[in-house]
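Read the structure below first, then the notes.
The values are calculated or read from the model by the stated rules, or taken from the named source; none is laboratory data. Here the structure is a predicted model, which means the values were calculated and not measured. Quick reminder, even Gly has a Cβ in these numbers, built from the backbone with ideal geometry, and neighbours come from all protein chains shown.
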């Protein structure tokens with residue numbers, strides 16, 4: 001059973017798939033810090049991995065740089081995630097959603113995986129060199145992350161569109 005993942009950023013609580021309202025889009029581009037994530041069904045004794053990706057780079061019609069890695073956290077303690085604290089090992093620093101002007105809606109997807117015990121996650125030198133054209137499925141398979149225990153998605157445009 002998938003857990004209910006919530007994301008809280010400034011004036012916005014994302015708890016279901018939604019299109020970010022126009023009044024919030026510029027704040028996303030300029031002010032959003034890494035979101036606060038909460039998974040109420042997290043097992044206190046386990047560790048989790050979080051992926052945040054944009055599969056629509058540079059656009060949904062021509063996703064030639066898909067998947068863009070916006071954030072990658074490993075070793076998130078279940079007890080912390082349960083209460084909304086996703087502090088962990090940051091394999092990719094958080095980057096704000098900033099879709100280019102005129103490229104339409106972009107999907108920003110959060111996936112949470114239960115991390116196998118005693119599994120140390122890392123990025124290859126090639127993965128570290130670029131955020132775009134990342135293969136999240138290969139990463140998931142490489143570290144035995146199985147299927148997500150929770151996911152969340154929101155859609156947004158460039159703030160000028």
(message) For the range 125-161: of the residues being without any contact (Cβ under 8 Å) to a residue 60 or more places away in the chain and in contact with a helix residue (DSSP H, G or I) (Cβ under 9 Å, 6 or more places away or on another chain), which is farthest from residue 18 (Cα to Cα)?
(response) 127
(request) Confirm whether residue 33 is under 13 Å from residue 99 (Cβ atoms) and touching a residue at least 60 places away in the same chain (Cβ under 8 Å). (result) no
(message) Looking at the structure I just gave you, is residue 103 surrounded by fewer than 17 Cβ atoms within 10 Å (Cβ to Cβ), at pLDDT 90 or above and assigned to a loop (DSSP other than H, G, I, E, B)?
(response) no
(message) Being in contact with a helix residue (DSSP H, G or I) (Cβ under 7 Å, 6 or more places away or on another chain) and under 16 Å from residue 155 (Cβ atoms) is the requirement here; does residue 57 meet it?
(response) no
(request) Confirm whether residue 84 is touching a strand residue (DSSP E or B) at 6+ places or on another chain (Cβ under 8 Å), over 28 Å from residue 133 (Cβ atoms) and free of Cβ contacts under 8 Å to residues at least 40 places away in the same chain. (result) no
(request) Filter the range 108-124 for residues that are crowded, with 17+ Cβ neighbours inside 10 Å and without any contact (Cβ under 8 Å) to a residue 60 or more places away in the chain and give the result. (result) 108, 109
